[in-house]
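Undergrad: Could you have a look at this structure, given as structure tokens, before my questions?
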Amino acid sequence: MKEDFKKVNFYGYDLIVNGDVLTPRPETEQIVDEVLKLCGEPILPGVKPDKPKLDSKNLKILDVGTGSGCIAITLKKKLRGAEVYATDISKKALEVAQKNAEALDAPITFIISHLCQNVNNEGDFTPDVIVANLPYVDRNWDWVDQESLKDDPDSALYAEDGGLALIKELIDTATSKYLILEADESQHAEITDYAKNKYTLLNKSGFVLTFTKN
Ligand SMILES: C[S@@+](CC[C@H](N)C(=O)[O-])C[C@H]1O[C@@H](n2cnc3c(N)ncnc32)[C@H](O)[C@@H]1O
């Protein structure tokens, strides 16, 4: 594990990150908000929460491509009754995520896996919600500020097929009722169209798309 740790804040929680994981971005906090909304939890003081679609006391959440663990850990802290699993293809990333989860007392099952493959194969955890901030940057995007990505590992950033290869494969293999994905806004129409025979778009907010199974 790289020892060049720095502290970052995500959704009010202090995490450590190093060169093995993506530094969590503020726009990713929207994924947490979308899960909380599905559970009828308040997001902003004074704003009436939505009618719950999910029971947070009996809820299984899977975070695919967990990196530092930021999304999974925040959800476990906010929804203590939920069972949270998280995968990553990088063993080093999972070591960082595990450290963060222990420091914040957030019990999560971490599994090394390509997308949700090993979770599907084990068969004893069927998530109600899958959340994923997978790599979605296309190497040919010349408008991306390379300086802003220099501390992040390539394996956390780039994907083939215009940046959509992993997202499309996750849509193909996901079994959950809800699927919440982060992607660049320029990719949202293609993702929604790709998913349409399996998932319908419920909500689009910032970089985040929330789908429900047809
Ligand atoms: C954009 S980062 C997001 C990290 C974290 N979820 C966040 O929001 O900050 C993408 C993560 O997906 C992981 N990843 C890349 N390819 C993967 C694959 N095929 N299966 C599972 N995880 C993968 C990377 O190692 C990286 O940790």
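Undergrad: Please state which one of ILE111, ILE171 is of a type in the set (Val, Ile, Thr) and closer than 13 Å to ASP63 by Cα.
TA: From the options ILE111, ILE171, the qualifying one is ILE111.
Undergrad: Which residue pairs have Cβ atoms closer than 9 Å, lie 6 or more positions apart in sequence or on different chains, and pair a first residue in the stretch 146-170 that is under 19 Å from LEU94 (Cβ atoms) with a second residue that is in a helix (DSSP H, G or I) and of a type outside the set (D, E, K, R)?
TA: Note: pairs meeting the criteria are PRO153/ALA93; SER155/ALA93; ALA156/ALA93; LEU157/LEU149.
Undergrad: When you look at VAL35, is it more than 11 Å from the ligand (Cβ to nearest atom), at pLDDT 95 or above and part of a strand (DSSP E or B), yes or no?
TA: So VAL35 fails the test.
Undergrad: Give the residues of the stretch 186-214 that are at negative phi, over 14 Å from the mean Cα position of the chain (by Cα) and within 16 Å of the ligand (Cβ to nearest atom), sorted by residue number.
TA: GLN187, ILE191, SER205, listed by residue number.
Undergrad: Could you tell me which of the residues ALA159, ALA132, ALA189 is crowded, with 21+ Cβ neighbours inside 10 Å and either under 23 Å from ASN120 (Cα atoms) or out of contact with any His (no Cβ under 9 Å at 6 or more places or on another chain) (or both)?
TA: Just one listed residue meets the conditions, ALA132.
Undergrad: Is it the case that the stretch 5-24 has a residue that's in a helix (DSSP H, G or I) and surrounded by 12 or more Cβ atoms within 10 Å (Cβ to Cβ)?
TA: No, the stretch 5-24 contains no residue that is in a helix (DSSP H, G or I) and surrounded by 12 or more Cβ atoms within 10 Å (Cβ to Cβ).
Undergrad: If you don't mind, another one. Out of all the residues in the stretch 80-93, which are crowded, with 19+ Cβ neighbours inside 10 Å, more than 9 Å from the ligand (Cβ to nearest atom) and either in contact (Cβ under 8 Å) with a residue 40 or more places away in the chain or part of a helix (DSSP H, G or I) (or both)?
TA: If the condition is that a residue be crowded, with 19+ Cβ neighbours inside 10 Å, more than 9 Å from the ligand (Cβ to nearest atom) and either in contact (Cβ under 8 Å) with a residue 40 or more places away in the chain or part of a helix (DSSP H, G or I) (or both), then TYR85 is the only one that fits.
Undergrad: Turning to a different aspect of this structure: Restricting attention to the stretch 58-72, which residues are over 24 Å from ASP172 (Cα atoms) and surrounded by fewer than 24 Cβ atoms within 10 Å (Cβ to Cβ)?
TA: Of everything in the stretch 58-72, just one residue is over 24 Å from ASP172 (Cα atoms) and surrounded by fewer than 24 Cβ atoms within 10 Å (Cβ to Cβ), namely ASN58.
Undergrad: Here is a follow-up. Please work out which residue is farthest from LEU38 (Cα to Cα), limiting yourself to the stretch 113-147 and to residues that are hydroxyl-bearing (Ser, Thr, Tyr) and within 14 Å of the ligand (Cβ to nearest atom).
TA: Per the stated criteria, the residue is SER113.
Undergrad: Quick check on my filter: what residues within the stretch 51-79 are of a type in the set (A, V, I, L, M) and either part of a loop (DSSP other than H, G, I, E, B) or touching a Lys or Arg at 6+ places or on another chain (Cβ under 6 Å) (or both)?
TA: LEU54, LEU59, LEU79, listed by residue number.
The values are calculated or read from the model by the stated rules, or taken from the named source; none is laboratory data. Everything numeric here is computed off the predicted structure, so don't read it as measured data. In this analysis, Cβ positions are derived from the backbone assuming ideal geometry, glycine residues included, and neighbour counts consider all displayed protein chains.
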